[in-house]
């Protein structure tokens, strides 16, 4: 691997810091977080935390409570150290990027709730805002390709949010206020009725938005019921419902970011999105024999999406400029309504003490079916194409249709202890898919003069199918109680979803090839009473990466990800904890038209630096800097445009705790820095709007109260 000097220096300093910290006097502190006796599920079966994969990071309930944070996206960013960008739909569901996938991050990180996919079957972020933090037992972050266990879409890694269950009677209520008329509240309640455990939750938040023409309102509710039939057998039901309504501000020219980031520079810009979801899961665990365990999940989820937009586009794009196309309306507007259903079924077996004492073999089958219907109506910026004389009044476009995507796969994975210190993991998966789409277009113009493939009225349909395989081999070594290492080689894959193929080049028949990745990784974990540190070095070679080239979704020429991840948490004194997470990655094209260029939307360096000080048993203050290096704008494949600037943002918080309640005050972006984590380049727009950004929040505060009983 040919990493640059900054990356090599970073690795050296990280290891040097770990060594020097370990050599200091053992103060015997409990101020550093020690993993509690929890049950992890990263392998799709229960196992104790000491048996979990070394590359899996556990964010505990204790860490979440001490942080004073209010949603999952913040937890993943500020505790997990992941790159989490703002979501352009205006919601609090952050875009999670593990190992530098940029624009396609949502489709390369698989987010799960109790092992069931939250990640969408389309180009959208997982709805992590669904759960209040009080309902979360812990979060498991597994970096690197994980397709053997979870199938397509896990190239960057997986995040499994594990909810609380099997609790005694417990209630927590939460309420708070914040900047931009922000209000949020939640409640979580659990009770135990003999062998039956019940939990209930509700959550709501809303704000008027940082920018003009923006704002968000989110609400959700759910419950679970688990009947413990015996010490080893149980059956349960989980149901959730959510509603999000977001008002969007649109993009801002990069040149205006520092002048006034709160404005909406496109005249009359208005856009809203309304998303409703439901999910119902039945799950069961049975001990079939002494060394044979069976688990199964059956899930049905629905989603409806209503989206509309309207703005004066004449200053943005020539297609709406009456001066260029006489008679063309200057207003761009559209309405999109869609609804979808997803069904999944995942039975699996675990053979314990397989081959050797402590070994296991997991065999499973996954099937998932996604169906969607949609209709849309919008203005047509290409209306001049439909007229022989080149002029027209505005012509509108519309479409309606249905789509389906079905995938099914079988996998085997075995974990075998070789000695008391050495373990080998091997596994494989074969997965197939089929998808079809039928769309009808209406209200067109002169079919004698239109561009081929865009004549109205018309219809477009495609039927695709294919398959992919994944493998993994990992060697774990425990050198001593506090020092472990692992070596891993794997392959992973991603199928093009229906949104990807719908925006693929017409000449390719809307059939993008499956994306594949060959991944290599080595890592070290050092954990003492005072210190927790992790270091990983990785390299991934991708073929047919599915991404956006500025015009269409395409299969990229070969690309490569390589990088270093370091995490260190150190109890400096009995009251002071220090923590750092630094991710250095290089995302580049290795051949083809853009050979040597950086994949747009990716940053070389991201991370956090933080400290927590326990002023007294009741008072705790925290400081954290979040930082990111610069990146090329989405769509800038040739790396010729101005980059989105690097930034560093400082956050502080204060937590006052009593036995049953907390008060948390936070100020984010303390110095009110004007910055953005997202930039977009569109060469066809007028110069001012060719490079646009979506400003992140300026200085903002929140005050939250929590009461548990």
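The antiparallel fraction among DSSP beta bridges confined to the chain stands at about 100%.
If R0 equals 25 Å, the separation of the Cβ atoms of residue 196 and residue 47 corresponds to a calculated FRET efficiency of about 0.50.
How much length would be gained if the chain were fully extended between residue 463 and residue 652, taking 0.36 nm per residue of separation minus their Cα-Cα distance, in nm to one decimal?
On the way: separation 189, 0.36 × 189 = 68.04 nm, distance 5.26 nm.
Contour length minus Cα-Cα distance gives 62.8 nm.
To the nearest 10 degrees, how steeply does helix 5-23 sit against the main Cα axis of the chain, on a 0 to 90 scale? Once rounded, one gets 20 degrees.
Calculated mean residue ellipticity, 222 nm, the chain: -1500 deg cm²/dmol, from DSSP H runs (n ≥ 4) at -39500 (n - 2.57) each, averaged per residue and rounded to 500.
So for each of 205-213, 230-238 I average, over its residues, the number of other beta carbons within 10 Å; can you give me the resulting order with the highest mean first?
Numbers: 205-213: 17.9, 230-238: 14.8.
Per-residue Cβ counts within 10 Å, averaged per peptide and sorted highest first, yield 205-213, 230-238.
Highest mean packing first, where packing is the average number of other Cβ atoms within 10 Å per residue, the peptides 482-491, 688-697 line up as 688-697, 482-491. Reducing the range 399-433 and the range 554-569 to their Cα centroids gives an inter-centroid distance of 22 Å. Structural descriptor for the range 160-254: relative contact order 21 percent, calculated from alpha carbon pairs under 8 angstrom and at least 6 residues apart.
Compute the relative contact order of the chain as a whole-number percentage, counting only Cα pairs closer than 8 Å that sit 6 or more residues apart in sequence.
Working: 2001 pairs, mean separation 80.8, N = 709.
After rounding, I find 11 percent.
Among (1) 25.7, 85; (2) 35.2, 123; (3) 27.4, 86, only one was calculated for this model; which label is it, if the read-out is Rg and Dmax of the Cα atoms in Å? Only one listed value fits the structure, namely (1). The order of the peptides 304-313, 516-525, 413-422, 109-118 by mean Cβ neighbours within 10 Å, most packed first, is 109-118, 516-525, 304-313, 413-422.
Centre-to-centre separation between the Cα atoms of the range 664-709 and those of the range 43-114: 19 Å.
Need the full-extension length gain, residue 642 to residue 88, defined as separation in residues times 0.36 nm minus the C-alpha distance. One decimal, nm.
Working: separation 554, 0.36 × 554 = 199.44 nm, distance 2.08 nm.
Gain in length upon complete extension: 197.4 nm.
With neighbours defined as other Cβ atoms within 10 Å of a residue's Cβ, the residues 469, 240, 158 order from fewest to most as 469, 240, 158.
By how many nm would the segment from residue 355 to residue 208 grow when fully extended, if each residue of separation counts as 0.36 nm and the alpha-carbon distance is taken off? Could you put the intermediate results ahead of the total?
Values: separation 147, 0.36 × 147 = 52.92 nm, distance 5.99 nm.
Extra length from residue 355 to residue 208 when fully extended: 46.9 nm.
Classify the range 46-104 as rounded, prolate or oblate, taking a ≥ b ≥ c as the square roots of the eigenvalues of its Cα gyration tensor: rounded when a/c is under 1.5, otherwise prolate if a/b is larger than b/c and oblate if not. Walk me through the numbers on the way to the answer.
Working: a/c = 2.78, a/b = 1.43, b/c = 1.94.
It comes out oblate by the Cα gyration axes.
Readers should treat all values here as calculations from the given coordinates under stated rules, not as data from a laboratory. These numbers come from a predicted model, not from an experiment. Here the Cβ is made from the backbone with ideal geometry for all residues, glycine too, and neighbour counts use every protein chain on show.
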